[in-house]
1. Can you bin the range 80-211 into rounded, prolate or oblate? Criterion: square roots of the alpha carbon gyration tensor eigenvalues sorted a ≥ b ≥ c, rounded for a/c under 1.5, prolate for a/b above b/c, oblate for the rest.
2. Can you give me the relative contact order of the range 123-253 as a percent, contacts being Cα pairs under 8 Å and 6 or more apart?
3. Mind listing which trypsin sites (Lys or Arg not before Pro) in the range 72-169 are in a DSSP loop and have 12 or fewer other Cβ atoms within 10 Å?
4. Which whole-Hz couplings ³J(HN,Hα) result when phi for each residue of the range 80-96 is put into the Karplus expression 6.51 cos²θ - 1.76 cosθ + 1.60, θ = phi - 60°, listed in order with x for Gly and Pro?
5. Between ASN73 and ILE6, what length comes free when the chain is fully extended (0.36 nm per residue of separation minus the Cα-Cα distance, one decimal in nm)?
6. Per the helix-only calculation at 222 nm, which mean residue ellipticity applies to the chain, given -39500 (n - 2.57) for every DSSP H run of n ≥ 4 and division by its residues, nearest 500 deg cm²/dmol?
7. Ordered by residue, what ³J(HN,Hα) values in Hz, to whole numbers, does the range 269-277 give under the Karplus form 6.51 cos²θ - 1.76 cosθ + 1.60, where θ = phi - 60° and Gly and Pro are x?
8. Counting other beta carbons within 10 Å of each residue's own, what order do ASP299, ASP349, ASP365 fall into, fewest first?
Amino acid sequence: MAKSIIGFSSKYFFEISIFLCFFLPPLGILLVLINGCYHLHITLKEGRRVQITPGLFLLGSLFLSTIGSALFNKEYSYFLISALLLSYMGLYVKMKNNNVQKTLSSIKWITIWGGLYFYALYPVQKMFMKNMYVSYLTGTALIGQTEIQQDYERLMGASYNPNLSVALLLFGLSFLLGECLKSIKSASYKKLALQVTVVGMLVHAIFLTGSKAGFGILIIIFTLFIFRWNRLYALFLTSIMLINIHFILELMPRKARLFASADMRKVIWERSIHLWQEHSLFGITPIGFHREYMNLYHDNIPHAHNMVIGIFTEYGSLGGVALLIVISIHVYKMLSLYLSNVASKKHLDTFLLSLPIILLTGVFDYVLYSPQVALIAIILLATWEKYTARLNLVHPRILSFVRKWNVDLTVKHGKKKEYL
């Protein structure tokens, strides 16, 4: 029995670690980061083939920024972020070596079940929040705000903040909507009925988080879903929404705080840009951001509440420009794949519905600040890059440009790459 448990744990160590990121976040995050560091160590030790891809280029740029920031500012605590990024790189390389089907299937269903767990936590979250040790272990401790936890009404989930939980819920919803499209195409209506029921639970959970950005992204994701199902339906829905925009705004959670929140975001963005101007090349890392913001403005703000501004502030122009380059490449790859004449586009719906969440949640927040969200995003990005490794772009010049990001660092022969 013991051997069976050990064998199972060893075989599915990564999946168990990701699963624990939703149910016991401190333990799950620690195990995933250790796994990433271990895989990077083995890769370097054995001289395995590594490819320079957009994702690895971005992580490498962020890593170099943290090294430069630590040395330039003589703040050696910043090396902790360097260590975190090394673990992210190890995880990314591991995902690039895994089978797309296996990886995507695992991460999809773990995220969906994690979202249902967040929803199930809501009735008992106040009980967990009363005990400091239990709340930190289960992810129900409120971090980043000063409200009284015992009276907190928003769905916390297990991510320490509703704005982080809503990102994971949106990922779970997008994965499930991709499965709904499969059921519609295969006429599996019994399965579809069950999936729609779970979709309703996740949508309700997103409303319970009270996230205004989450509400807006929810509408965009459903519009994309209907567009993939039937373009005429999507056009009709978009027209109806534009006509009834005032009614839709009435459905928004915490709509009374809309303008106050927008003004607060504007102030945070302006101050964050000022911090970037003071540390333009290497930035000040996530550790330095919180410290500098508190020293200058006497306000407890953990991050810039915008992904692009946050990356520029924390990782300087080196990291920020790398982010913009990678975003441009992947937006082009997504459009190219969607418009291509490839007969089989397996997994396209999953990527088309889930990848935009990384950008959309980054407009009014910076959810990648959380390792829980960042790990899902890294796995998704690595899987997407492997999925599109042999994508034939339309123009030969553009094709040669994109292929520069897939130059082998060694001349060893690796396994055959997967095709679309």
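1. On the way: a/c = 2.78, a/b = 1.22, b/c = 2.27.
Cα axes put the range 80-211 in the oblate bin.
2. Values: 118 pairs, mean separation 25.0, N = 131.
Answer for the range 123-253 is 19 percent.
3. Details: sites: LYS74, LYS94, LYS96, LYS102, LYS108, LYS126, LYS130, ARG154; in loops: LYS74, LYS130, ARG154.
For trypsin sites (Lys or Arg not before Pro) across the range 72-169 that sit outside H, G, I, E and B with at most 12 neighbouring Cβ atoms in 10 Å, the list reads LYS74, LYS130.
4. Coupling constants for the range 80-96: 4, 5, 4, 5, 4, 5, 4, 5, 4, 5, x, 5, 4, 4, 4, 5, 5 Hz.
5. Values: separation 67, 0.36 × 67 = 24.12 nm, distance 4.58 nm.
Stretched fully, the ASN73-ILE6 segment lengthens by 19.5 nm.
6. Working: 19 runs with 306 residues, N = 420.
Mean residue ellipticity at 222 nm (helix-derived): -24000 deg cm²/dmol.
7. 4, 4, 5, 5, 4, 5, 5, 5, 4
8. Working: ASP299 11, ASP349 22, ASP365 25.
In order of increasing Cβ crowding within 10 Å: ASP299, ASP349, ASP365.
No lab work stands behind these numbers, since they all come straight from the coordinates. All of these numbers come straight from a predicted model, not from anything done at the bench. No Cβ is skipped: glycine too gets one built from the backbone with ideal geometry, and neighbour counts run over all protein chains shown.
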